[in-house]
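Taking it in order: structure first as structure tokens, then the write-up.
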Amino acid sequence: QVLERSRDVVDDVSVSLRLWDTFGDHHKDRRFAYGRWGEAEPGVTLGREGVPRLGFDPLSPRRSDVVVLCFSIANPNSLHHVKTMWYPEIKHFCPRAPVILVGCQLDLRYADLEAVNRARRPLARPIKPNEILPPEKGREVAKELGIPYYETSVVAQFGVKDVFDNAIRAALISRRHLQFWKSHLRNVQRPLLQAPFLPPKPPPPIIIVPDPPSNNEERPAHLLEDPLCADVILVLQEKIKIYAHKIYLSTSSSKFYDLFLMDLSEEDQQSTAGHGFGAAVTAAAERMLHQEERHHGRDFLLRAASFDICESAEEAGPGQRKPCLRASTSDGILRGDRYENGERGLRRGRNLSSWSRAFASIQEEMAEDPLTYKSKLMVVVKMDASIQPGPFRAVLKYLYTGELDENERDLMHIAHIAELLEVFDLRMMVANILNNEAFMNQEITKAFHVRRTNRVKECLAKGTFSDVTFVLDDGAISAHKPLLISSCDWMAAMFGGPFVESSTNEVALPHTSKSCMRAVLEYLYTGQFSSSPDLDDMKLIILANRLCLPHLVALTEQYTVTGLMEAAQMMVDIDGDVLVFLELAQFHCAYQLADWCLHHICTNYNNVCRKFPRDMKAMSGENQEYFEKHRWPPVWYLKEEDHYQRAKKEREKEDYLHLKRQPKRRWLFWNASSSPSSSPSSSAATASSSSSSS
């Protein structure tokens, strides 16, 4: 690469460049690098191609034509040595050689010094920010020594060609003064001015969304073992009680969904007058069925009125018919005492033996909470006597988590319960395990979560099975404590701790809107971020930070930044919004959004200061210090650009005056066949021409 670039053309002059670096610390070594100025007279050294050769050839006793004196802008001592050591030594050995002062490592002026220091050798001296020299320091030294000044950066590929081209110009001009008759040196310019280097615009920070909490999948199973806020009691074999939650059972099984939506309040009032059951009870049952059909529709009645199928054809005797569908004739009303534990209210319930083979009955009664030991109204569901506790717990775990342990022993009983509850995916998972194809159950689990997510969204929109209401600034919204507890530590602490909210059905959240709360609930229920036209991004960040949901904060930050960038691309002014977001984001721990706002203000610093001067002055001291340090273009570039423009105008003015002072040359054409009468005029022209040329 050095050989390829050793030949160059500058101002229509072809040159061959030879580089010779000073090596070693010994005085004699440096003398050898400078050349032998005292032994050879200055002159033009021609190479084999007959072109001027600049620099020092180690095989020739000639002197150096130009000296490039370098220092590091990250080392103030190197600039100090330029004046005290290097320049006097150069003038001693090369008194007539032009010198070019070059500041190297320009990229360190805007680089991340911490990253640079980490990448350096372990024992290398770290670079400090206060040691970075501004451009005016090098320019002052160059002006004091009367030499040109340039800056370079190999990393940024800036200024390297400028240095060598202008070094060649300086050497050619120095040679032109000694060899003025050389016509090819007449058009060589003085070393040109160097335009300041504009650092590249820093890219905007990328919003990184962390992975969701890993324990969210384990919490539903833990909630089943530790039934906080349970509202369902499942009774097995008349003595075993299992506490559960309506929202988990109903969103995982359509059978439970229909069960909990049964209207248990439509009882015939005449049944409370006595315990005789005759035509009045039958008429009440018929009216109840008609009302169910009217209120819930024909589809619900078809689901509620179940059918029984004989287990096998072998159960029927030789004189009996084959298995067939047998319609239920039960009126679905629980008979018995309507009062319990001194409660004067009506205990509602239904007999389910004819509705489903999995359930015996359902009723509402006051029961003791297993954790708080307080009485509250709960739904008691008595399961069929054929259901075993162990397999049933495995089925419940599937309904809560969507997973089935491959090492379960009673897989056939689990399949039987799944068939009774019409959980066909669970039956398929059992079949896969029995066929040694358990790897296929992962897809079933994914499909299970997708279906339950859709059902949870429906329950949230309609308020079905809700057990708590959040009172907000612009209204109220219903929610489900079990889902909130299993997805948010803040909610688990509020509903499970010794707080008033744990025993009430209404929770007040001041300074919160319905749109923000709905977005939070959908995130807690589904793990996904959903936006709406009336959603305030900053209020959602405040609420998410208040509820200790960093993953939701990151999702909202990403959504906000995406919206701001799209608005900026559509030429919408976002500077005012960014100023508002900045300090709010810093206060509410939205640090990624704050970094993006800082970057936007720094890269548009002049425009923002011009439009919002008061807001910029009202910023905190830390932010103002950050702006001054990271603003783009940086202050040193603006100063250099101003100095460059002024110097450029002065240079143009000097060149104009120089050209104006140059005498105008006149050309005289001689005519050999001219008559003698014209000789006097011709000689006069010659004299004037010679005088003018002199």
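The condition of being touching a Lys or Arg at 6+ places or on another chain (Cβ under 8 Å), open to solvent by 60 Å² or more (accessible area, probe 1.4 Å), more than 23 Å from Leu552 (Cα to Cα) and not small (Gly, Ala, Ser) holds for only one of Glu422, Glu443, that being Glu422. Is one or more of the residues making up the stretch 163-174 open to solvent by 80 Å² or more (accessible area, probe 1.4 Å) and either over 17 Å from Asp11 (Cα atoms) or assigned by the TED database to the domain that holds Asn77 (or both)? No, that holds for no residue.
Residues in the stretch 198-244 that are over 29 Å from Thr562 (Cβ atoms), among the small types (Gly, Ala, Ser) and open to solvent by 20 Å² or more (accessible area, probe 1.4 Å): Ala221 only. Given the criteria open to solvent by 80 Å² or more (accessible area, probe 1.4 Å) and closer than 30 Å to Asp369 by Cβ, does Cys488 qualify? The answer is no for Cys488. When Ser530 is tested against (1) buried (at least 22 other Cβ atoms within 10 Å of the Cβ); (2) not in a helix (DSSP H, G or I), exactly one condition is not met: (1). Here the condition is being among the charged types (D, E, K, R) and surrounded by 12 or more Cβ atoms within 10 Å (Cβ to Cβ); of Lys617, Lys649, Lys639, Lys629, it holds for Lys639 alone. Quick check on the stretch 377-394: of everything there that is assigned to a strand (DSSP E or B) and touching a residue at least 40 places away in the same chain (Cβ under 8 Å), which residue is farthest from Arg350 (Cα to Cα)? Top of the filtered list is Met378.
Applying a threshold of 6 Å to beta carbon distances and a minimum spacing of six or more residues, or different chains, the list of pairs starting in the stretch 116-132 at a residue that is within 15 Å of Asn75 (Cα to Cα) and part of a loop (DSSP other than H, G, I, E, B) and ending at one that is open to solvent by less than 40 Å² (accessible area, probe 1.4 Å) and of a type in the set (A, V, I, L, M) reads Ile127/Ala74; Ile127/Leu113; Ile132/Ala74.
Looking only at residues in the stretch 383-403 that are open to solvent by less than 70 Å² (accessible area, probe 1.4 Å) and closer than 17 Å to Arg357 by Cα, the one that is nearest to the chain's Cα centre (by Cα) is Val395.
Screening Leu123 against (1) hydrophobic (A, V, I, L, M, F, W, C); (2) open to solvent by 80 Å² or more (accessible area, probe 1.4 Å); (3) at pLDDT 90 or above leaves a single unmet condition, (3). What residue, among those in the stretch 76-115 that are free of Cβ contacts under 8 Å to residues at least 24 places away in the same chain and acidic (Asp, Glu), is most open to solvent (accessible area, probe 1.4 Å)? Checking each candidate, the answer is Glu114.
The values are calculated or read from the model by the stated rules, or taken from the named source; none is laboratory data. Keep in mind that what you see is a predicted model, and the values were worked out from it rather than measured. Backbone-built Cβ (ideal geometry, glycine too); neighbour counts: all protein chains shown. What goes into the accessible areas is simple: the full protein's heavy atoms, side chains included, and nothing from ligands, DNA or RNA. Shrake-Rupley method; radii C 1.70, N 1.55, O 1.52, S 1.80 Å.
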